[in-house]
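I have placed the structure first, in the form of structure tokens, so that the comments after it can refer back to it.
Read the figures in this text as sums done on the coordinates, not as results from a lab. No experiment lies behind these values; they were computed from the predicted model shown. Cβ atoms come from the backbone with ideal geometry, glycine included; neighbour counts cover every protein chain shown.
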Amino acid sequence: MPEEQFLILHLHELLQYLNRRGAATFLTVAQHGVIGEMRQTIDVTYLADTVVLLRFFEAMGRVRRAMSVVKKRSGGHEDTIREFSIDGNGLRLGEPLESFQGVLRGEPTYVGGAAPLLGHGC
């Protein structure tokens with residue numbers, strides 16, 4: 001697209017069309033930066049009914065993955081940040097990361113208490 005505004009308009013119309021056809025649509029937005037500040041070239045979150053943030057973070061000398069629902073247009077949703085892993089048995093979610101701050105920034109700080117991290121086999 002020549003300009004960002006045309007891309008947003010095109011995506012909006014495409015999503016409306018798919019919604020009228022009864023299709024569930026998943027948008028994936030790649031963000032620049034793996035650890036620390038993340039930037040995205042375009043913001044389409046206002047078009048989405050639900051936004052799930054997947055994030056890498058470092059803790060206990062390992063690269064880990066965190067998941068959080070940051071937006072759900074209708075109804076309530078859990079607002080915790082949880083570690084997740086995907087292996088041969090499928091998706092595993094850990095307990096809320098209540099012992100850490102800064103996980104979504106990719107720079108967590110351990111603030112005490114039990115560290116509810118998934119085991120070594122993740």
Which values of log₁₀ I(q)/I(0), to two decimal places, follow from the Debye formula for the range 49-122 at q = 0.20, 0.27 Å⁻¹ with a uniform point scatterer at every Cα? -0.86, -1.34
Taking neighbour Cβ counts within 10 Å as the exposure measure, how do Phe57, Phe26, Phe84 sort from fewest upward? Phe26, Phe84, Phe57
